[in-house]
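The values are calculated or read from the model by the stated rules, or taken from the named source; none is laboratory data. Since we're looking at a predicted model, the values are computed, not measured. Cβ atoms come from the backbone with ideal geometry, glycine included; neighbour counts cover every protein chain shown. Protein only, heavy atoms only, side chains kept; ligands, DNA and RNA dropped before computing areas. Shrake-Rupley method; radii C 1.70, N 1.55, O 1.52, S 1.80 Å.
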Amino acid sequence: MSTSWEADEIAAGFEAYDDLPERILGYPCVFDALRLDDATRVLDYGCGPGKVAERIVGDYGCAVVAVDSSPAMLTIAQRERAHPRIDYHHVSGEQLSFLADGSIDAAMACYVCINIGSLDRIKSIVAEMYRVLRPGGRYAVLDTNPNTTGVQFSTFRSGEPGRRYSTGQQRRVLLRRPDGQGLELIDYHWPSRTYREVLAGAGFRDITLHEPVSGEGERPSKPHGPAWGNETTRPPFLIVVGEK
């Protein structure tokens, strides 16, 4: 169990982390899949320091319900990214009792499942996403791609090169910060089929899997930002989308 100091250090590390691949390849795919142009109220489950919620408000003007289980993350989010259309909430379990059934147009969970070692808990979270979504609403999961575990991308590597991981097994994650420092974390390996099965089990239909890679127009211009590498040939993210 993490101490308060460790939680603060992790939150500070995520705040300092340059989410370049996510900004270019991950979040745009999620936003498109969720059809945020037509959404009024969006749920960001596992909002962290609020970077994604801020982008949604800025790009689409939606109201965002942003929830997280980490007080340290929410402290940063509320300090750095307070906005009248972002409603931050601390949650200690999977249930979102403050949200009514069918009260959300679209929901997302970015880097949530890979940080949970219990499949039953993941199922509970996905079931709660289904409950709060309106009929026809969409839910998207964004996680590091289990099919490119061990591959070094511009800002991160999840898992050891050449190693194969079993379902639910822990992996070492290395994040590269712009200041040259690294942040080491532990996450969990969930195969693509696990995501599909969990969403289907909760009742989601029309489930699709997306593994975006970078095209020529999506490469960051040098010398700004880290060097773009395996993103051009290997998909760093798995995005799973289902409709209620």
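Brief remarks on what is shown
- Checking each residue in the range 6-51 for being of a type in the set (G, A, S), more than 16 Å from L183 (Cα to Cα) and in contact with a Cys (Cβ under 9 Å, 6 or more places away or on another chain) picks out G26, A39, G46.
- Candidate set from the range 4-32 (those that are open to solvent by 70 Å² or more (accessible area, probe 1.4 Å) and over 30 Å from R134 (Cα atoms)); member that is modelled with the highest pLDDT: E9
- Considering residues of the range 33-81 that are small (G, A, S) and assigned to a helix (DSSP H, G or I) only, the residue surrounded by the fewest Cβ atoms within 10 Å (Cβ to Cβ): G58
- Residues of the range 166-175 satisfying the condition of being open to solvent by 30 Å² or more (accessible area, probe 1.4 Å) and either over 7 Å from H189 (Cβ atoms) or among the hydroxyl-bearing types (S, T, Y) (or both): S166, T167, Q170, R172, L174
- Verdict on I86 being in contact with a helix residue (DSSP H, G or I) (Cβ under 7 Å, 6 or more places away or on another chain), within 20 Å of R23 (Cβ to Cβ) and open to solvent by less than 20 Å² (accessible area, probe 1.4 Å): yes
- Flag if V112 is under 14 Å from L43 (Cα atoms), surrounded by 19 or more Cβ atoms within 10 Å (Cβ to Cβ) and modelled with pLDDT of 95 or more: yes
Yes/no per residue for (1) open to solvent by 20 Å² or more (accessible area, probe 1.4 Å); (2) more than 20 Å from R171 (Cβ to Cβ); (3) acidic (D, E):
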| residue | (1), (2), (3) |
| --- | --- |
| I116 | no, no, no |
| L119 | yes, no, no |
| S124 | yes, yes, no |
| E128 | no, yes, yes |
| P135 | yes, yes, no |
| Y139 | no, yes, no |
| T144 | no, no, no |
| F156 | no, no, no |
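- Unique match (being over 28 Å from R35 (Cα atoms) and either of a type outside the set (D, E) or over 17 Å from the mean Cα position of the chain (by Cα) (or both)) among G136, G203, G150, G102: G150
- Flag if D101 is in a loop (DSSP other than H, G, I, E, B), open to solvent by 70 Å² or more (accessible area, probe 1.4 Å) and at pLDDT 95 or above: yes
- Criterion: under 19 Å from A202 (Cα atoms) and over 15 Å from the mean Cα position of the chain (by Cα) - qualifying residue of E94, E160, E80: E94
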